[in-house]
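Okay, so here's the structure we're looking at.
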Amino acid sequence: MMPTVTLSNGARRALLLAPALIFLAVFFVMPLLDNSARSFIREGGFTLSRYTDFLTDRFYLGVIAETVILSAAVTAISVLIAYPVAYVLVRKAGGFSGLMIFFLIAPLLTSIIMRTFGWQVLFARRGLVNQWLVNDLGLLDAPLRWLNTPGLAIAALVHVLVPFAVLSIASVLQGVDRRLEEGALMLGASRIRTFFEVTLPLTVDGIGTGAILVFMIANGSFVTLVLLGGGFQTLPLLIYQQFNTTRDFALASTMSTILLMIALACLWLQLRLLRRQGV
Amino acid sequence: MRLSDIALWVFTLAFFIFMILPIAVVVVISFTEAGYAAFPIPGWSLKWFARIFEYEPFIDSLITSLWLGVVATVASCLLGIPAALYLSRARSGWATVITTFLLSPLSMPMIVIGFASLFFLSALGFGISFLSLAIVHTVICLPYVIRTVAAVYRAVPPAYEEAAMILGAGRFTTFREVTLPLIRPGIAAGSLFSFLTSFDNLPVSYFFGSAQTNTLPVVMLAYMEHQFDPSIAALSTLQLLLAIVALVVADRLYGIEKMTVAT
């Protein structure tokens, strides 16, 4: 006789989760664990030596610092640019908001290669920007070298990431209770004071969530830096180089584990912020 | 208009010029008659679109990318839709943890996922193959399907399904006749996102490059390292056109505002 297995309603529904959970456990978690494990094994035994070597090496410490500082700088610039744009989108745009959202999302759908190509053309030695500056506006005597400068690489990274910041700040601004601002205005606060003492504090958590999102994506990006140069030495770039040329896979595993730790820390911070907002 | 408002609008306009200029320039260059990529262009022509079809690696990789996008999207739907259905009705603390886990591939650096998967899948014997690529692409596409379907289903009142069941419909009939039609816009939008994500992916596909498994972005990157001609612009323009069509379709099906809030 067949044994009859009775499952409660809840347990049966939980089976719906099984395929996705098993798939990600095998093909997402296992590869990452396997990769990290490789950095802890040397000559068949467990070792922390790669990490102690890595974290005491001035060059590699510099790489970690540069990765974090570059991502933080790109994030700060993106948020500063995004806030006014998000404010216009939510409060002022009216009938234009659909168009604005379209032009925010359309770039998200273009490939990194396309945008990089655009930057290369615009900022080439005889490119549009140099022609404007030298011939049309007469601001410069000779064309400037833009390509392979840190500034252009940062601008290109901001270009990739700023739409994410605008969209997440806009969704928080939308949730601000306008009556609180009206109250402040009625009680005699100026518009600027109302903004800094009411609107901005109410959106700080949202800015935080958006900033972490941008920071996380910035931390992992390398295609822009490979194609536009700028002389940065970041963890993703070094992993890419290790894979391509040096082929020290254990070192690459060590670096990707450190990069993963930074990503997990960001994810944890993001969850804490979201919980505080009660989303 | 107040002075501060004018300043805000000027800033916003400058922002959109910054956003659109590098992309618009590439679109214009794809129609150039010149043999080099420069702006402004000396004259108009469609020859760089023809060049795409003459260069075999472009076409081969385009076919690989299209198939890959379809396979990863179908797999993501099969795995993701049931999970999304469960999670949007669950209320326990566990459900939040599981949702976070299922969406976490979005937050991990792509280069680490690609690098780690190459070694892991090679050890399993999959090697550098279309199957390996499809598996890794499913990992990164799955969260998009789960997120969009869950967002749509959460907005569906349970009363519809309860009514069907009370009127005697079985579990499966209820799903096919009530639930599925209601979540179809979410499935469509999630699938579009998933397809576009796969189609555009470079950091993961890069690690699985070979003559048989090169995707379009990988071939474009390799091409750009040696040549700087407008055929890359023409390809990019085609890709953008595809994405915009998909975006307009998704907007009709699902609403563009909802997509941005879900981010």
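Odds and ends about this structure:
- Of the DSSP H helices in chain A, those whose Cα atoms cover at least 20 Å axially and whose Kyte score averages -1.0 or more: A:58-87, A:150-174, A:200-220, A:249-277
- The Kirkwood hydrodynamic radius of chain A, based on inverse pair distances between different Cα atoms, is 22.7 Å.
- Separation of alpha-carbon centers, region A:210-279 and region A:151-209, rounded to whole Å: 27 Å
- For region B:75-116 versus region B:20-71, the gap between their alpha-carbon centres in whole angstrom: 35 Å
- Separation of the B:Gln227 and A:Leu80 label points, Cα + 7 Å toward Cβ, nm: 4.2 nm
- Computed extension gain for A:Arg13 through A:Thr245, at 0.36 nm per residue and net of the alpha carbon distance, reaches 78.6 nm.
- Here the relative contact order of region B:55-262, from alpha carbon pairs under 8 Å that lie six or more residues apart, stands at 32 percent.
- Of all complete DSSP H helices in chain B, those with a Cα span along the helix axis of 27 Å or greater and a mean Kyte-Doolittle hydropathy of -1.0 or more are B:3-29, B:56-89, B:130-154, B:180-200, B:231-254.
- Residue-count net charge about A:Pro143 - beta-carbon cut-off 15 Å; Lys, Arg +1, Asp, Glu -1: +1
- For the peptide B:25-34, the mean number of other protein chain Cβ atoms found within 10 angstrom of a residue's Cβ is 3.
- Figure legend: label point modelled 7 angstrom from the Cα of A:Val68 along Cα→Cβ; residues of region A:248-279 with amide N under 15 Å from it are A:258-267, A:269.
- Comparing chain B with the 2.2 N^0.38 Å rule of thumb, its C-alpha radius of gyration ratio is 1.21 (two decimals).
- Look at A:Asp53, B:Asp229 and count the other Cβ atoms within 10 Å of each Cβ; fewest to most, that gives A:Asp53, B:Asp229.
- In plain terms, the residue of B:Leu142, A:Leu21, A:Leu180, A:Leu259 with the fewest other Cβ atoms within 10 Å comes first and the most crowded comes last, giving A:Leu180, A:Leu21, A:Leu259, B:Leu142.
Where a number appears in this text, it was derived from the coordinates with a stated rule and is not lab data. Quick caveat, the model's predicted, so the values are computed rather than measured. Every residue, glycine among them, receives a Cβ derived from its backbone with ideal geometry; neighbour counts consider all protein chains shown.
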